[in-house]
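**Q** Please find one structure pasted underneath; my questions will follow.
The values are calculated or read from the model by the stated rules, or taken from the named source; none is laboratory data. This one's a predicted model, so the numbers in the text were calculated from it and none came from an experiment. Here Cβ is always computed from backbone atoms with ideal geometry, including for glycine, and neighbour counts include all displayed protein chains.
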Amino acid sequence: MKKIILFALALISLTAVAQPPMGPMPPRPDKEEGFKFTVVKENPITSVKNQASTGTCWCFSSLSFIESEAIRINKLKEADYPDLSEMFVVSHAYADKATKYIRVDGALNFAQGSSFGDLVCVLKDYGIVPDEVMTGLNYGTDRHMHGELLAGLKGYMDGILKNPNRKLSTAWHNGLQGILDAYLGPIPETFTYKGKEYTPKSYFESLNINMDDYYDFTSWTHLSYYEKHPVEVADNWRWEQAFNVPLEDMMAIIDYAIDNGYTVAWASDVSETGFTRDGIGIVPDMEAIQKQAEQAGSDQARWVGAPQGMGQQRPTFNKPVPELTITPELRQQGYEEKNTTDDHGMQIYGIAKDQNGNKYYMVKNSWGETGKYKGLWYVSEAYVRYKTMDFMVHKDAIPKDIKKKLGIK
């Protein structure tokens, strides 16, 4: 046995000597640089929420905006940040929407979507409650799911719309409220919060927010500038109006707001290729990217991940890339061709720069703590210029020269 072991060791030694010397190790492929952001300005926001299986982004985003306003106005410390009830707003919004749905004989989009103006009206007319007072989870799950609720509401409303008695009764609205209460919980008349008794209106008053101080803005070339026009989207069932301003003024308002400690309720299109599910929103200039890749002697995959046909639904962008230059004409074209659509509401709360000095807006989403940045997005200046549908800010977040043109005091 000893001889066998010695023979084996000798054989291994000879084999090793016979092997040609190894050349230098091949270089490892460069690690993707990725996006690297430096915060320029960041304003307080509350925790990221999850709208889950609902179309209520309009409420989550605008109510998050109001929470930030409460923080700003009352100079609140983080321990005292408010957490307001989205489903209190949704319940009231559905009830008001149902009334108008009947009044206009069903010629209204009775769905889950809405506009920022809906929140303004609910807060002014009904107040608000903390989330712990009305979570809206009355149907056996721990996350929001409104498919069945909407089906029940729509079926009920279409039955009422037929007016089978040839005269509407005084009971139909109570019937609707019964469905809402069953799913979202009853609207509290009074409640106790942190040892103090409130009504929804008195609690809202305690936040020291005046909803008359808030204005909505958009920017389209087919509308006259510095005048109010209805926001032309199907979800705007309250027929909310917004000031139409030139594109440069639109961006100036957003920048002025962030720079001066305000946040922005932002409605946008998120169906674009450049709005990734990993916290990035950009408007890639694909021709410039391809040319840059060819000049560098590499293929497009270096810039945007695997090519089409590799199982990806959309390309991924692994680092800053050239973006389109957005003009009012290009923005309008996207709107007219239905490439820019009213998809989603979010909250802009800060400004950052990438490693190349490009400007991005810091955005709070309502899809839970998902993606690389745990529910937050970095959206390029080009994207905001291109895909903003409308936005809402406090009147003091508007530059004085623009305020003067609008007649806002």
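**Q** Please note which strands (runs of 3 or more DSSP E) are completely contained in segment 221-277 and include at least 3 residues that are surrounded by fewer than 17 Cβ atoms within 10 Å (Cβ to Cβ).
**A** It comes to 227-230.
**Q** Determine whether Thr46 is of a type in the set (S, T, N, Q), under 23 Å from Leu376 (Cα atoms) and surrounded by fewer than 24 Cβ atoms within 10 Å (Cβ to Cβ).
**A** Criteria met by Thr46.
**Q** Pick from Lys374, Lys338: which is touching a residue at least 60 places away in the same chain (Cβ under 8 Å) and part of a loop (DSSP other than H, G, I, E, B)?
**A** Lys374
**Q** Where residues in segment 167-220 are in a loop (DSSP other than H, G, I, E, B) and within 26 Å of the chain's Cα centre (by Cα), which of them is surrounded by the most Cβ atoms within 10 Å (Cβ to Cβ)?
**A** It comes out as Ser219.
**Q** Answer yes or no: is there a residue in segment 33-42 that is buried (at least 23 other Cβ atoms within 10 Å of the Cβ) and either modelled with pLDDT of 95 or more or polar (S, T, N, Q) (or both).
**A** So far as segment 33-42 goes, no, none of its residues is buried (at least 23 other Cβ atoms within 10 Å of the Cβ) and either modelled with pLDDT of 95 or more or polar (S, T, N, Q) (or both).
**Q** Still on this structure, please answer the following. List, please: which pairs have Cβ atoms under 9 Å, are six or more places apart or on different chains, and start with a residue in segment 218-229 that is within 18 Å of Ser268 (Cβ to Cβ) and end with one that is among the hydrophobic types (A, V, I, L, M, F, W, C) and assigned to a loop (DSSP other than H, G, I, E, B)?
**A** So the pair list comes out as Thr218/Val231; Thr218/Val245; Ser219/Val245.
**Q** I'm checking my understanding of the structure. Among residues of segment 359-371 that are more than 10 Å from the chain's Cα centre (by Cα) and outside any loop (DSSP other than H, G, I, E, B), which one is nearest to Ile45 (Cα to Cα)?
**A** Met362
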